[in-house]
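Following: one structure in structure tokens, then a few remarks.
What follows is calculated from the coordinates using simple rules that are stated; it is not laboratory data. If you're wondering where the values come from, they're calculated on a predicted model, not measured in any experiment. FYI the Cβ positions are ideal-geometry reconstructions off the backbone, even for glycines, and counts take in every protein chain you see.
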Amino acid sequence: MTSVPSDDVAPAPNLPGAVTSTEISRSLFGGILDVDGAGAYPGLELLAFVLGCEQGILPERDEITITRHAHDFARRLLEPGTIDEKSRREVIVDEHSEQAMKRLLKCLTLNLENLTKEPGWERSHFYPYTGSLVHWDARIRKHAGAGGAIRRVQIERRYYRGGGALAFNVLRSDPDRGRLDSIRAGLRLLYPIDLVSPLDKLASTLRAKGAKDSTPVTDEVEEHSRGYREDVWSDLYRFGTANILGHTTLAAVTRIRALVNWTGLWLVLMGNGRAAMSLGRGPQPLVVDCAGQHPQLRRAAQRSLKDHLSMIEAAAKRAASGRQVSDVQIGKIRGFFSGTAAGVRLLNAWKGRRHITLGLDCIETLVLACVPPGREVTFEDFVTGWLYDRCGLVVGREAAAASGLLRSLDASIFEVNEARLAGQMSTIGLLTVYSDATRMVRPGGAN
Amino acid sequence: MNRHLPFSPSQEQIYEEYLKDSDALDLDTQALAYLEHVLRTGARLVILTGDAGHGKTHLCRRIIQRHLGYGNASEARELLLTKCDGASVIQPAPHARANIALRIHKDLSELKPEIAAELLENAGSDKECATIICANEGRLRAVVASSAARGICNQISSTFVATFARGTCSVDGSLHIINLNFQSVVSSPGNQLSLFRRAARQWVGNASRWNQACEDCSSNLQCPILRNRVLLSNEGDPAPKTRLSRIEQLLATVERLGAVVTIREMLMLLAYLTTGALNCAAVHTRVESLKPGWQHRYAFYNLLFEPPENLSHARLTSGIPVLGPLIDLDPGRRSIREIDDALLNGAEGFIEGQLDLQFRVTVNGKSKIADGASGIDDIAADPTTRRDLASERELVSGIVAALRRRAFFEDAAQESAVLRRLGFVYGESFLEALQGGLEPIKRIRLRARLLAGLHMIQGLRLSGTETMLSLADPAFGRATSEAAIIARTIPVSQIQILPMREAWPQKSGEEVGRIVDSVDWSERHLVVRVTSADRSEDLKLDLLGFECLARAADGYVAEGFYAHDLRRIRNFLGRLAEQGRTEVDQIRLFMGGSMHTVSVDDGMIQVAGGT
């Protein structure tokens, strides 16, 4: 049994013989980045791979199989009329208990701020706070049966489009053996098997009632992500992931949130870098407005987002290598980047007049990814060495000078920007100010 | 005073090495007393650390004068310039109190870390001579982490860690670290005046100096600088004393919000709020060229919260950073019914004709002077267009803000009431807790309120008299959660609310120096300490963090405004919840305002009603 992206689910108008967004995305970025899978989905998909892999955590062997859980029973509980009373009572004793479970489960679903109406169960995913909340995409399919068509839950890709598969592949193909082992150890600690929390106990009971692969399956999407070129972006992801997972003094929930965010954030940064490279351009840093005080910086951050998306578009067209490609297909790739950036709080909003900024989740993720466990780095190194040199984000004056922004903008604007970021980090507890000359970045909670 | 402003080209003259005797302001700080004391009692290496502007170099000069006996300040400054390189030894003057020579390095950042580490190693092992080193913490960290670091550097490193962990600045009496970032410019232990008040007395209260300069001045009746001097000089009149006390309270609030105010910054602020960055020539020009009614912009209480027309907000706050958080506290932007009623009706009791209350207004096309002491009736116009309406609105709001500020500085209310006027509803409780030694009933009430706040920000709407701290599973810990699994409960007896001074371990036999004794100390943080069998976890709360929790206890969590504080507190609670999580047969679930129990048996889930 294989699992393939369901491009057939929402067929996009495409020209006969034309190239699809899947092909373009694979050749350009190494994996399938599609608007349907934007936001936190790549992170969720990654963890579904990690916990579902039959060959252990991040196996190095080429062929792997995974066991997928749909968690459909619990997800369908949230959408009225999708499970009959009899099935519900097989797990949940009475109506009171059912209402309680619904309210509890609702708090655990992925927050989809871009939606205006209540999502159906197929779009409701649980945030992977514990191992038994990790699950795969699923939908209702009609199957031919003896007495006519039968509606059955089928595990297949719908929102997990391949971003997580790419991330999974990048992690398990790490040439740095020591780092790979530390990531494996970190993932094991994230979901300890020797301690079953109350939430785990409840979630596993509900998950057992849902659909599950009867035999482990091979995933074609992950298979196709293998062997993509090694570059600084692959290294960046592994470096950040190893750091995030190493912060064991922090709550596991904090690390899980950071890992999911980091996966999305990395895909955006990687996409920006690889798109620029494919067009033969130098680094195209993203201008971040953290201060919200200077209209010039706000405009620069808005323009930077537009330029980034235009570059993705141009790179996608170029990757089509002269073959026809529809605007809809290009839009799917472009939409992934804007949607994911908004989802990880790299943008101020999902819709409307958007600019690049650093929301609290984003700041926390970047700090956890930057600082090795038990260590601290200076704020200057964080802003210049990490945010700019490695992630391609312009916040401070030095980064602005290096990226040539000081030709059009005043340096003091970036000083204020940097100071504002420092202020925010200090309030969250991610920055310790020892003196005006010494500001050290370290994840809160580390002793 | 103008030289102390960051906008003045002659500002470099305020640096200790270049100061003239006539401009010197010798404030006796606790750090100076401590430094003298430890040098007398056997210290061999003293490190002065902290932000630029705390007075590290000044302390060196004073110690040359007072301890080594070089009574002349100019002579001491000369030694500062020529001998304070870390290599030269300064012998005590013949009649000096000191019995040992001193070696001083006034700025360690001038040296490479390896060379500086070598210097520290040599200094620490020198029995013939004591050494004072000035270094900011960044440089000190680099030095003790350099390849040349050995025994003494390691000792510095561990003492430095003890500074934050245990509140000590020396463990053996030989090596001391005086961290001036803990120094407060408004601390007034016992009956002593604060550093700010002493500076104000010397600069603003020095009657002979002012009289000499201003008595025969043709512009003295129109001069805003002189007006500020009158408002702030303490010559037996209680009103200036109240005003100075208000400024102190504002600075204390800023410190309790996490800002570090250096002595240099405090002096810059004092110079700015007295002069408004004007000098005598500028005042004469204005008096001659402008119609009366411009001076109110330069009243000290307006300068504190609103830049004058010739200075931009950015320039002002980058030059005098403490003005940034001060502007956020502007009492002119807060409406309090009873105060506003009195101000607008002219019933506040301001004497008419005061220079700082004269406003030039244009009403119905005619320019005139309105006296703020009579309220705002004089400026009521009859706007007929939107533009007139907007202009009247701007005019009135400007005057009302100025009147509210003036009223804030006139009212002899308690400090706690002052915080309420600045928008901190629970400021009084915060101050009480900072003082420590709360009566049991007050302590229990305070803990109950913070407990209710901690519950509320996790979405647990429990009663205000809970005796257990319930910790939601971190997967749920949000204020908007409809339901949450309780991961852990902690009895309130294991929770303490302590001021910083008490949160540090009490002095043990070996420790000889404590931070609170080494600087002008003021309490800025509370610590919520949760103790369990094997460890204790601390949550540090500044004024804003405390206010966030105390307000949350009332039932509403302002997620946006307190986003950063909430993130930090929730991370702390999440960590606590995970630490004590155990496997249990019955799951506790909070939902709809009450606790429920969930049992999972044979794959069946049952939730039992609220308890």
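Summary table
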{"quantity": "Other protein chain Cβ atoms within 10 Å, averaged over every residue that makes up A:242-255", "calculated": "3"}
{"quantity": "Aspartates and glutamates with Cα under 17 Å of residue A:317, excluding same-chain neighbours fewer than 8 positions away", "calculated": "A:23, A:34, A:307, A:327"}
{"quantity": "For the range A:312-431: relative contact order, % (alpha-carbon pairs under 8 angstrom, 6 or more apart)", "calculated": "13 percent"}
{"quantity": "Size descriptor, Kirkwood hydrodynamic radius, that averages inverse alpha-carbon separations across chain A, Å", "calculated": "22.8 Å"}
{"quantity": "Relative pair counts by distance (%), Cα atoms of the range B:434-583, 5 Å bins", "calculated": "2, 9, 18, 22, 20, 13, 8, 5, 3, 1, 0"}
{"quantity": "Cα-derived Rg to Rh of the range A:317-362, Kirkwood definition", "calculated": "1.14"}
{"quantity": "Using alpha-carbon coordinates, inclination of helix A:177-190 to the longest axis of chain A, degrees", "calculated": "60 degrees"}
{"quantity": "C-alpha long axis of helix A:41-52 to longest principal axis of chain A, angle in °", "calculated": "60 degrees"}
{"quantity": "Over the range A:127-201: Rg over Rh, Cα atoms, Kirkwood Rh", "calculated": "1.15"}
{"quantity": "For chain B, calculated [θ]222 nm from helices alone, where every DSSP H run of n ≥ 4 adds -39500 (n - 2.57)", "calculated": "-12500 deg cm²/dmol"}
{"quantity": "Within-14-Å neighbourhood charge of residue A:316 [Cβ basis; K, R +1; D, E -1]", "calculated": "+3"}
{"quantity": "The range B:188-205-the range A:48-67 distance, computed between alpha-carbon centres (Å)", "calculated": "70 Å"}
{"quantity": "With eigenvalues of the C-alpha gyration tensor scaled by 5 and rooted, the range B:236-312, Å", "calculated": "26, 15, 11"}
{"quantity": "Taking the C-alpha atoms of the protein assembly as shown, convex hull volume expressed per residue in Å³", "calculated": "213 Å³"}
{"quantity": "Helical contribution to [θ] at 222 nm, DSSP H n ≥ 4, -39,500 (n - 2.57), averaged over chain A, rounded to 500", "calculated": "-14500 deg cm²/dmol"}
{"quantity": "Per residue Cα convex hull volume in Å³ - calculated over the range B:74-196", "calculated": "154 Å³"}
{"quantity": "The range B:39-178: antiparallel DSSP beta bridges as a percent of all, rounded to 5", "calculated": "15 percent"}
{"quantity": "Rounded if a/c under 1.5, otherwise prolate or oblate - chain B, Cα gyration tensor axes", "calculated": "oblate"}
{"quantity": "For the range B:313-347 versus the range A:213-227, the gap between their alpha-carbon centres in whole angstrom", "calculated": "63 Å"}
{"quantity": "Subset of A:142/A:209; A:102/B:540; B:83/B:112 violating a 27 Å alpha-carbon distance limit", "calculated": "A:102/B:540"}
{"quantity": "18 Å Cα-Cα threshold exceeded, pairs from B:56/B:106; A:117/A:351; A:212/A:332", "calculated": "A:212/A:332"}
